[in-house]
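Quick notes on the structure that follows.
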Amino acid sequence: MASGRSQPLTLGPRRALSRLLSGLRRAPYLRKWLVLGTLIGVVAGLGAVVFYYGLHEATKWILGYIGGYTPAGTAGEGGGRPASGFSRPWAIPLVVAGGALAAGILVFTFAPEAEGHGTDAAIKAVHTNPKGIRPRSILVKLAASMLTIGSGGSGGRKGPTAQISAGFGSVLARVMNLTPADSRICVAAGIASGIGAIFRAPLGGALLGAELMYREDVEIEALIPSVVATAVAYGVFSAVTGGFTPIFGVNVTTGVQHFWQFILFAALGLVCGVWGRLYSSTFYGMGNWFKKWPLPRAVRPAVAGLVVGLIGLEIPGVLGTGYGQVQTELDIHQLMALPLWIALVLPAAKILATSLSIGSGGSGGIFGPGLVVGAAAGAGLWKLFDLAGFAPHDPSAFVIIGMMAGFGAIAHAPLAVTIMVAEMTGNLSLLAPAMVAVAVASAVVGDQTIYESQLRRRSDSVAHRLSLGLPASESVPVTSIMARPTLVLLNTTPAAEALGLLQGADLPGAPVTTAGGAFVGSVQTPTLADQVARGQTGPVGRMADVEAMTLPADVGLDAAVQGIPSSKGGWIPVLDNDMNVVGIVSNRELVQGWQMAVGQWASRLAGAVSTTGLADTAVAAGAAAEGSPIRRLALPTGTVIVSVTRGDAMISPDGDLVLEAGDSVTLTTRAEDRERVLALFGAPPGGPAPPGGRTGDPGAAPPDPRPDRSAAGRPCPEQAVGR
């Protein structure tokens, strides 16, 4: 973590807000997300306003006044004005390169994570650490994207807006100390609301918040929060900008007049699928190529910008967002006047320009360029069909469906993008042919994606996967498993002294608090050691990770299971409503909590059958079960092994698991078979189970596995506390 932070300045408002809204964590689903979704939507809408006007001014001053070129506008943003000619052609490459250089210096000096397209970073935050987006990166992304796109670099508005609004969702989750699950929803709803606002497509944006996280799945829990946040953001943005008109105006077209024309749209889907695959492979291939350049990272976007400017002199539609080019293609007269070679080359030119501008480390979105590529593919195919004599009279259907299929497939968000484009063009009559084109394009795209941080499905998410098969985890309070921290560092402790305390106690890290006990952040021992070795001095509070994952004290084990994968050191501080550290949860506590959850679940299972009982035992050395796979044990009918714990590891008790001496086994069996079963594991017939076993009332709650619970629910002492 970089030094120079001033976290204590924000602790007062943060504690007050956490205390004020703490009841929302336990509020019913709809009530909670009506409030949180509204907060996210308001900020996302205002953020979209700032970016919209900032980009407009940057384009006017940099590309217009300095470069001597004004891009074409859209019907809903400026009345569809045509592009101007190049009054100073020699200045265009220099202006694009200069804007990219300024943006590169800004990004790589203050927030390197703001490079590239922001949506992928926001998706990654949802899956890894939803509380980890820095406010600084939001501001840097905002300014850098204005410079990159406003100077003529090829990029879209979606990525920057998504990262801005997702960043607020992350900050809100951190300030309110939300659970990991709710934090992920906050960031997903932030992505949706920013996109829905800037594109004036609230329904499509809301669906995108649920659909964009996975290639073959949806984050269904994020749907209603995204609907609320996006509706509010759209209202705020449109009210301030004075525009409720769709971006590309209202395009009235019937699309299909004859059944055979579905074949034409299937062909369009095929073409869009090919362009989508080329877009993804070119973008990431170019990015990997730029990483090998020996030039400083801040300079690479400038070199790429020079090339983009040269391309733009021949094909002006690649400069900036390119939305004006789409508006041109929607008009039959302007499309007929467009040279055929430009219509056919434009998709490749836009892909190349975007890969150069953003893949080199510039800042901007790839959603908008994807729509431009799809629209150009549709326009080019229509011109070819028109030459052949069997194209529909109105080309707008091909342009609109090209946008839907071109980016919906490669983004693995076909439904959301289809609805978004329908809202952006004011046309819902093309959904039937769009379904054909999108289906064909998706088949061509296959598993390839434009967003590398997308997971295949929910089961591939670490947080979701760890929750699978964890019975009744929410019934185990986190306060019943959390440990008393070994060390809590005061924020005024010198960094070198703090490192000595951590290393002396052999700890991976510790929470940092103020003298009043308020949580400031976390420090990890390896990171702090590196900072000290590089000569960074000052109080440890200035080096604490303020975006570290935390847990509220009023949640269950399920929240801890979802939060651990997002932690950087394998441990999470537990905070009360006043933001005081009351405990620590690590992997060891998760194992113990898992044992408690399994025990409670098995007790209820055994209690449901009067003839069945629950038993805990351990595999003794020399027992019949030692060294034997579970499937080969002579277990009586009706006996079920519920869980096996080996050391601190939780092991699935499948039939091929070979038991070892010392394994802890929880099982259910009939009363008449109990002694015979326990004998297999080494328990003496008629006697108690080996140490650690439980043979009492099947309905009884499992004993607390931790010897010391004195710290549970109480703030820790100010100086000697945290793991």
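The values are calculated or read from the model by the stated rules, or taken from the named source; none is laboratory data. Please read all numbers here as calculations on a predicted model, not as lab measurements. Quick reminder, even Gly has a Cβ in these numbers, built from the backbone with ideal geometry, and neighbours come from all protein chains shown. Surface areas here come from the heavy atoms of the whole protein model, side chains and all, with no ligands, DNA or RNA. Shrake-Rupley method; radii C 1.70, N 1.55, O 1.52, S 1.80 Å.
A few points about this structure:
- For the stretch 221-278, chymotrypsin sites (Phe, Trp or Tyr not before Pro) meeting the loop criterion (DSSP other than H, G, I, E, B) and having at most 12 other Cβ atoms within 10 Å: 244, 259, 260.
- Loop trypsin sites (Lys or Arg not before Pro), the stretch 269-373 (other Cβ atoms within 10 Å of the site Cβ: 14 or fewer; DSSP): 292
- Pairs spanning more than 22 Å between alpha-carbon atoms, out of 131/568; 131/291; 60/158; 124/292; 32/568; 60/383: 131/291; 124/292; 32/568; 60/383.
- Listed values for the stretch 523-538 are Karplus-derived 3J(HN,Hα) couplings in whole Hz (6.51 cos²θ - 1.76 cosθ + 1.60, θ = phi - 60°), namely 10, 9, 4, x, 5, 5, 4, 5, 5, 5, 5, 8, x, 6, 10, x, and x replaces Gly and Pro.
- Antiparallel bridges, percent of DSSP beta bridges restricted to the chain (to nearest 5): 85 percent
- Surface accessible to a 1.4 Å probe, per residue, for the residues of the chain, Å²: 36 Å²
- Heavy-atom accessible surface of the stretch 240-376: percent carbon and sulfur, 1.4 Å: 71 percent
- For the chain, the pair-distance distribution built from all alpha carbon pairs, in bins 10 Å wide starting at 0, is 3, 14, 21, 20, 17, 13, 8, 4, 1, 0 percent.
- Highest-first arrangement of 152-158, 585-591, where packing means the average Cβ count within 10 Å: 152-158, 585-591
- Put simply, when 355-368, 34-47, 191-204, 624-637 are sorted by average Cβ atoms within 10 angstrom per residue, most first, you get 191-204, 355-368, 34-47, 624-637.
- Long-range amide H partners of residue 156 with built H, under 5 Å: 365, 366, 367, 368
- Carbon and sulfur %, accessible surface of the stretch 54-118 computed with the full protein complex present, 1.4 Å: 69 percent
- Packing, as the average of other Cβ atoms within 10 Å across residues, places the peptides 102-112, 538-548 in the order 538-548, 102-112, highest first.
- FRET E, pair residue 459, residue 94, Förster distance 35 Å, beta-carbon r, rounded to 0.05: 0.10
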